[in-house]
1. For the range A:65-89, which residues satisfy the criterion of being under 13 Å from residue A:29 (Cβ atoms), within 12 Å of chain B (Cβ to nearest Cβ), surrounded by 13 or more Cβ atoms within 10 Å (Cβ to Cβ) and not aliphatic (A, V, I, L, M)?
2. Filter the range B:100-125 for residues that are at pLDDT below 95 and among the aliphatic types (A, V, I, L, M) and give the result.
3. Would you pick out the residues in the range B:107-164 that are in a strand (DSSP E or B), among the acidic types (Asp, Glu) and under 19 Å from the mean Cα position of the chain (by Cα)?
4. From the list B:34, B:28, B:45, which residue is within 14 Å of another protein chain (Cβ to nearest Cβ), outside any strand (DSSP E or B) and modelled with pLDDT of 95 or more?
5. Only one residue in A:67, A:4, A:55, A:61 is of a type in the set (Val, Ile, Thr), in contact (Cβ under 8 Å) with a residue 12 or more places away in the chain and outside any helix (DSSP H, G or I). Which one?
6. Counting just the residues of the range A:169-204 that are in contact (Cβ under 8 Å) with a residue 60 or more places away in the chain and either away from every other protein chain (no Cβ under 13 Å) or touching a strand residue (DSSP E or B) at 6+ places or on another chain (Cβ under 6 Å) (or both), which one comes out nearest to residue A:225 (Cα to Cα)?
7. Residue A:42 fails exactly one of the following numbered conditions: (1) away from chain B (no Cβ under 14 Å); (2) free of Cβ contacts under 8 Å to residues at least 24 places away in the same chain; (3) surrounded by 24 or more Cβ atoms within 10 Å (Cβ to Cβ); (4) small (Gly, Ala, Ser). What is the number of that condition?
8. Out of A:49, A:117, A:94, I need the residue that is touching a residue at least 60 places away in the same chain (Cβ under 8 Å), on the phi < 0 side of the Ramachandran plot and either in contact with a Gly (Cβ under 8 Å, 6 or more places away or on another chain) or crowded, with 17+ Cβ neighbours inside 10 Å (or both). Which one?
Amino acid sequence: MNRIHYLFNHKKERVLSIYFTAGFPNLEDTLPIMEAIQAGGADIIEIGVPYSDPIADGPTIQDSNMIALENGMSLKKLFSQLVGFRAKIRIPVVMMGYLNPIIQYGMEEFCKKCQEVGIDGLILPDLPMQQYLDEFKPIFDKYGLVNTFLISPQTSENRIREIDSNSDGFIYMVSAHSITGAKTGISEEQIAYFERVKAMNLKNPRLIGFGISDSESFSTVSRYSNGAIIGSAFIKKIKDAKNLTQDIQEYIQSVIK
Amino acid sequence: MIKVDEKGFYGKFGGAYIPEMLHPNIEELRNNYESIMASPEFQQEFQSLLRDFVGRPTPLYFASRLSEKHKAKIYLKREDLCHTGAHKINNTVGQIILAKKLGKKRIIAETGAGQHGVATATVCALMGMDCTIYMGSVDIQRQRPNVERMKILGAKVVPATSGSQTLKDATNEAMRQWINNPVDTHYIIGSVVGPHPYPEMVARFQSVISQEMKWQLKEKEGRENPDLIIACVGGGSNAAGAFYHYYDEPLVRLIAAEAAGLGVTSGKSAATTVLGTSGILHGSKTLLMQTADGQVVEPHSISAGLDYPGIGPVHAHLFDIGRAEFVAVEDEDAMKAGIELSRLEGIIPAIETAHAIHALQMIEYKSDDVIVINLSGRGDKDLDTYIKWGGY
């Protein structure tokens, strides 16, 4: 069974997914960061593949992408780091990346490598649903990769239903009209959107991301969903970390406490 | 037939590779742009603004001294005489009327050299709409007069500080801001790039160029079709406009002049069809300058308007099927061609346009061939670059 399915079968509440950019702050930090995220008590690890032009990301993740690329990160390098990671990491791991580097690597080769090293799913923010269905779904299926779509407050009910029926892992709810890291605090308007989607009784679990940074925001959004995704706030933490492993564990513990 | 298909592809290129957050905006545009553009109210307003505000039709001018020098019958399509100094305003006039019909209150746009930014700020002033222009910090430094023009027109100019801080990054930033403000805001893209339907929509607004060429050539030459059309290509909006009504006239040769920068092998170039491979940038699949790892490479051209690592998907398709011939013009040759046109015809062209002038020296043609060069913009904005270059 795919680890993502297993997770949501056993845990319906307060699921925490942590995003980090591979190659940031240092090229070889990938595995230590993953181990620390698991040790801190998070449920899913999202590995960001750095890209020169991340159009859905705010300044924090843009900077981490830039630094990771300067450090020499690439998909080839990343896969070489990930060989054997399953000896230490038991929680689901998802790759998040923009399409272009993956297409240059070769979608089939990419998916094959993901399966080989033990990746469970993909989040490709600039892959629209139609293109996924037309071009890539058979490949994802062949290599046992769960695909995750995003929805936002603007997404219509019909579209959400369509996304739900074409999803088989979890749905990534973007919390506001926003790129990553742009807004903090949760407004009444956002709560209304969370409630609206919750009331739709979708078949897939929902994780809320964008603007989640601490225990308060995590607990708030967890009331309306199965949990949350933290990205920019985590990148800020590790950027300033004195002791990477210890700081990561303390941060995650402070969020889920 | 060169035609965009239902999914937004020209052959292998195009599409709409966008984050889900922009899906409703793109869907709204895709579902409405054709019917709005076809409506009599839209056409009435668009045509009257093109005539009275932009100054269309622009002349098709027989350049006798240039013709004599290059031994052909050369006409210049005078887009440089459009209000604000370039063809860019054809598109912004169209898109702002469209934005109003969609009920949008705010306009955002990207700009490289500042021409599209000025053209956008101009129509926003005309319509009393709030206007924010994203411009790379590097471009803000090197295109100061256009920054001030935008401000005089009431626009807010916001620096894009990420990446190379030029046109590509300004486009990224405009897309991010559209994600942040999806409901009341329309994004006026300035070239035939971006997710479907932008490339086709912008091409249609610019197609007035070739539409006029047809009847103007009929008047002057007794035939609608020239033998060659030459236009410069960055993203490719003026070329798309100049080629549009001739795509399916196989006897009309279409010549696209790209920027070779310091030379196509110098590492300082923007010759996308030479150096690019298929990839995805700014929402469409196209030819793109990139590393083997799929990271976008910084282009170089002396002309900010051609300093773009991609090319509109329709041009990638024209290249792919061999419908258009592409030449790569180096900085130095473009500058010399700019001086040549200034001295022979009394027209100082934009440096972008000067690339198209030099293309005359890179292709074969016959002495009785009728050639139309799309004179996409005037050189006022480039005086600093001409002065720094100094070879006159």
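1. A:77
2. B:113 - this is the single residue of the range B:100-125 that is at pLDDT below 95 and among the aliphatic types (A, V, I, L, M).
3. B:110
4. Only one candidate passes the filter, namely B:28.
5. Being of a type in the set (Val, Ile, Thr), in contact (Cβ under 8 Å) with a residue 12 or more places away in the chain and outside any helix (DSSP H, G or I) holds for just one of A:67, A:4, A:55, A:61, which is A:55.
6. A:170
7. (2)
8. From the options A:49, A:117, A:94, the qualifying one is A:94.
The values are calculated or read from the model by the stated rules, or taken from the named source; none is laboratory data. Just so it is clear, the structure is predicted and the values come from calculations on it, not from any experiment. No Cβ is skipped: glycine too gets one built from the backbone with ideal geometry, and neighbour counts run over all protein chains shown.
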